[in-house]
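The values are calculated or read from the model by the stated rules, or taken from the named source; none is laboratory data. It should be emphasised that the depicted structure is a prediction, and the values quoted were computed from it without experimental measurement. With ideal geometry, Cβ positions are generated from the backbone for all residues, glycine too; neighbour counts draw on all protein chains shown.
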Amino acid sequence: MSDEQAAQAVKEAAEKAEAAKVSTDPTEIAKQIATLNQESAAKRIENKELREKLEKFEAAQAEAAEKAAAEKGEFKELYEKLKADSESKDSRVTAMAETLTKMLEAETANIPEEYRALIPTGDVTTALEWIATAKTAKLFEPKGGPGFRPAGESQAGTLEAELAAAKESGDILAQVHIKKQIFDKSQRSN
């Protein structure tokens with residue numbers, strides 16, 4: 001690892017540590033969400049560019065192999081092989097897409113209705129990755145304790161007091177839940 005890579009790794013670790021701090025300011029939370037969305041978009045673009053480079057490289061290799069085979073008089077054999085490979089891959093891709101779609105439907109059915117609108121749409125793999133991350137973060141599992149407020153029930157004290165109690169107890173999930181309530185409350189009052 002070069003000095004430059006090590007410096008970059010240290011910088012990224014510091015940024016992650018800074019990002020892990022929980023803020024009570026709804027505008028700060030919204031900024032953090034926007035930043036995460038921007039980072040995610042940048043990574044998707046980077047992945048797309050790498051995928052395109054790989055496809056170009058593979059196409060160049062295939063073209064070189066075709067030229068070599070044509071020179072040897074084996075073009076027809078190569079064509080038949082590529083055709084069979086293509087058909088096989090097409091059927092595998094179709095089967096995988098169907099399986100992933102079924103997995104997404106099953107996972108979505110187990111998610112509380114109020115969270116379903118948060119699931120990214122369009123790409124099945126992105127949605128499944130998001131669900132897995134949300135499950136790891138226990139987004140869908142309510143926790144009793146400071147900040148937890150089941151629908152229809154109220155707790156004594158203000159949200160700020162509950163947030164302070166959640167901070168004291170170290171319950172990060174409760175802190176996020178309370179901050180979401182504070183943010184939602186501020187949005188309703190606007």
Check: When segment 4-43 is examined, which residues are found to be of a type in the set (D, E, K, R) and either in the same structural domain as ILE178 (by TED's automatic domain parsing) or modelled with pLDDT under 80 (or both)?
Finding: GLU15, LYS16, GLU18, LYS21, ASP25
Note to self: Just to be sure before I move on: is THR101 of a type in the set (Ser, Thr, Tyr), under 30 Å from ASN37 (Cα atoms) and surrounded by fewer than 10 Cβ atoms within 10 Å (Cβ to Cβ) in the structure I sent?
What the structure shows: no
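Search segment 153-165 for residues being under 17 Å from PRO26 (Cα atoms) and modelled with pLDDT under 80, and hand back the single one that is surrounded by the fewest Cβ atoms within 10 Å (Cβ to Cβ).
Only one residue tops the list, namely THR158.
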